[in-house]
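Contents: one structure, followed by commentary.
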Amino acid sequence: KVAIKGIERELICPACKELFTHPLILPCQHNVCHKCVKEILFAFEDSFADGGSESSNQSSPRIRISSSSMDRIDRISRSGIKRNSLTPRSTLFPCPGCQRDIDLGERGINGLFRNFTLETIVERYRQAARAAIAIMCDFCKPPPQESTKSCMDCSASYCNECFKIHHPWGTAKAQHEYVGPTTNFRPKVLMCPEHEMERVNMYCEICRRPVCHLCKLGGCHANHRVTTMSTAYKTLKEKLSKDIEYLISKESQVKAHITQLDLLLKETECNSERAKAEASQSFEKLYHVLEEKKSAALRAIETSKNIRLEKLQTQVEEYQGLLENNGLVGYAQEVLKETDPSCFVQTAKQLHVRIQKATESLKSFRPAAETTFEDFVVDITKQEDILGDLSFHSNGLEMPEINEEQSKMYNRALISWDCPGKTDSADIYVLEYHKLNRDEENVTWQKIDVCGKSRVVSDLDDDSSYAFRVRGYKGSICSPWSREVILRTPPAPVFSFVFDDKCGYNNEHLQLNPRRTSVESRAGFPLLLGSERLQVGCYTTLDYIIGDTGIAKGKHFWAFRVEAYSYLVKVGVVPSNKIQKLFHSTHDVTSPRYEQDSGHDSGSEDAFFDSSQPCTLVTLGMKKFFIPTTPAAPKDPASRILPLPSRLGICLDCDRGRVGFYDAGRMKCLYECEVDCSGIMYPAFALMGGAAVHLEEAVTAKYREYHDDI
């Protein structure tokens, strides 16, 4: 027989750390006090309302929400739950025992079973642990008497006199079941929490909980496999008995493990003391170095002080000698009393030189030494940063490296990193970033704890550069900081759109993907037929496509990729009042007349060609970016051809009437020009031959997880 006092650990609520009071069985099969469940729900609702602040975590003196639980508040709060003053409306919270998210469903707490078996065991423990504490009568006038029995039907305790009064002979109450004094009142029949008038008589093997026949007929357990309560009782009791017998048979093995763990406890204590001693020794060395530096600095200051004081004191004595009847002046006055010319001249010549020097020093007075000690100010800024990063380093935990190819900056920043070695990988990473600002002397790093190897960072300022770095942690050991990577945000808020498959879309030459984020032009049979009919000039039109959303005002940015094999692509913007002209223009063609080496590239033709365009576009193709021909553009054609960036961006400023074309990887402007923004502006694209354009996808909070799944 197991001693009742030896199982106290199993009778402690994981939330309040006290003995269970009216324990409820959660869907994860852990037990929590009824009051604790309500307080946890209230605490989480307060955290939602206060934005997850630390002060809101103290809603109940019994409950403390762990940091890992608080990390789920943002995700849980999306349900938009509100509460009244009596009952928590929230039904989603982390289990205090296993930290899994628990959804209580529509009925909330009312849908949970009360664990009467555990309640009975707790009551037996209380009686064994507090045998000297009596249970008082619930109906006596003060002072109450010690109870002698408890009524299971009334759920109350009575002394002899009060029991006779409330259970008189000849009444229905006289037939109530009574037991010895107890605080554990359990119903005779377990009722279904979903259907309060029905008793449970079946066991759901899928949900592992008792159910009634209505739950099976039309409730949430209709399609679940169930068994009778007696069968479940017999099966579970046999399994539990076998498991207990197995554990008891392995008692020697358990004791051996306990002995081994005791040795590990002692070894851990010894190793921790040794680690403390080594750490103390390391810091003592630092203290010794600092003390030496401190002594040297103080000695230097003291030496400089003595030299300066000596110089100033000498200067004071010299000026005191210029006073009447004192020092040099007094000596000169005595020399003037000499009447013998030869003796006077012999002495006066040297004296006159000294008097002249004193007169000159008096006219241009300057202290013999500086009073400030600015040269002795110790700059410890770098040392403070180094000491701030002082931590336990391990040769086995390698420095992570930020992967600039997988990292990107768009509407949010996606930072990805890799570890060179696969062994001893970190348990958690710390990502830090800060905005680059020349005016700020002291840099403040923003810190984010990350469990994986990528993180999406939000709320960054537009048109700004940020520095990112990352380090790994494994317990108390950390890796060195990675090399800082600088990324620049777009010059304006990101504009989201997809390709328009209605307005002017030529489905014979262009092909859209189902999400309308990619368009492809195929140089197929129709293009050959069109070229075959024209022998000289060979005019071939471009196939245009625009975005499905327009811009009326403000500054906006969007990015895209052009496939490397693309022969000819034009990108830019078009106003709404010129869309029809765009799709029916006869001038936007390719022809030998406009080829660079055709001999017909005159300035007048260029002017006519540029002025006739219904939209503002730049030309891309054959892995090149072509700067348009303008008076301000370089005259050398080779200097107008740039390598095609992996990602291109367009920034439209309707308020200033300007459009810029960017290398979206570095957020560097390649070309900018004026544009007429009198109407609603639409993103415009033109393709010819084999070409493809892919719109840049917005970075979401689950961006990396989504792409990893793909």
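The values are calculated or read from the model by the stated rules, or taken from the named source; none is laboratory data. Computed from a predicted model, the values in this text were never measured in an experiment. All Cβ positions, glycine included, derive from the backbone under ideal geometry; neighbour counts span all protein chains shown. To get the accessible areas, we keep the full protein, side chains included, count just its heavy atoms, and leave off ligands, DNA and RNA. Shrake-Rupley method; radii C 1.70, N 1.55, O 1.52, S 1.80 Å.
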Result of the Cβ filter at 6 Å on the stretch 219-243, keeping first residues that are within 19 Å of Thr117 (Cβ to Cβ) and partners that are among the polar types (S, T, N, Q) and open to solvent by 50 Å² or more (accessible area, probe 1.4 Å), at least 6 apart or interchain, is Met229/Asn201
Residues being farther than 28 Å from Lys408 by Cα and either part of a loop (DSSP other than H, G, I, E, B) or at pLDDT 90 or above (or both) - total across the stretch 632-654
5
Does His213 satisfy being outside the structural domain of Leu112 (by the TED database), in contact (Cβ under 8 Å) with a residue 12 or more places away in the chain, on the phi < 0 side of the Ramachandran plot and not small (Gly, Ala, Ser)?
yes
Is there a residue in the stretch 251-268 that is surrounded by 11 or more Cβ atoms within 10 Å (Cβ to Cβ) and closer than 26 Å to Met191 by Cβ?
no
Residue satisfying all of: in the stretch 357-374; open to solvent by 80 Å² or more (accessible area, probe 1.4 Å) and in contact (Cβ under 8 Å) with a residue 24 or more places away in the chain; farthest from Ser295 (Cα to Cα) among these:
Leu362
Quick one: which helices (runs of 4 or more DSSP H) sit completely within the stretch 19-121 and have at least 1 residues that are under 24 Å from His195 (Cβ atoms) and at pLDDT 80 or above?
34-49
Step by step: first the residues of the stretch 158-214, then only those that are over 30 Å from His224 (Cα atoms) and among the aliphatic types (A, V, I, L, M), then the one that is nearest to the chain's Cα centre (by Cα). Which residue is that?
Val179
For Phe495, indicate whether it is surrounded by 15 or more Cβ atoms within 10 Å (Cβ to Cβ), hydrophobic (A, V, I, L, M, F, W, C) and either in contact with a helix residue (DSSP H, G or I) (Cβ under 9 Å, 6 or more places away or on another chain) or under 30 Å from Arg656 (Cα atoms) (or both).
yes
Of the criteria (1) open to solvent by 30 Å² or more (accessible area, probe 1.4 Å); (2) over 38 Å from the mean Cα position of the chain (by Cα), which one Leu644 fails:
(2)
Regarding Thr629, is this residue surrounded by fewer than 19 Cβ atoms within 10 Å (Cβ to Cβ), at pLDDT 65 or above and under 24 Å from Leu582 (Cα atoms)?
yes
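Could you tell me whether any residue of the stretch 282-290 is more than 25 Å from Val377 (Cα to Cα) and out of contact with any His (no Cβ under 7 Å at 6 or more places or on another chain)?
yes
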When the stretch 451-488 is checked residue by residue, the ones that are modelled with pLDDT of 90 or more, of a type in the set (A, V, I, L, M) and surrounded by fewer than 20 Cβ atoms within 10 Å (Cβ to Cβ) are Val456, Val457, Leu460, Ala467, Val485, Ile486
Residues of the stretch 535-553 being modelled with pLDDT of 90 or more and out of contact with any Leu (no Cβ under 9 Å at 6 or more places or on another chain), in sequence order, are Asp548, Thr549, Gly550, Ala552, Lys553
Residue by residue through the stretch 173-186, note down the ones that are farther than 9 Å from Ser150 by Cα, of a type outside the set (S, T, N, Q), open to solvent by 80 Å² or more (accessible area, probe 1.4 Å) and not in a loop (DSSP other than H, G, I, E, B).
Lys173
Search the stretch 399-413 for residues that are at positive phi and small (Gly, Ala, Ser) and pair each with any residue that is open to solvent by 10 Å² or more (accessible area, probe 1.4 Å) and not in a loop (DSSP other than H, G, I, E, B) when their beta-carbon atoms are under 9 Å apart and the residues are at least 6 apart or on different chains.
none
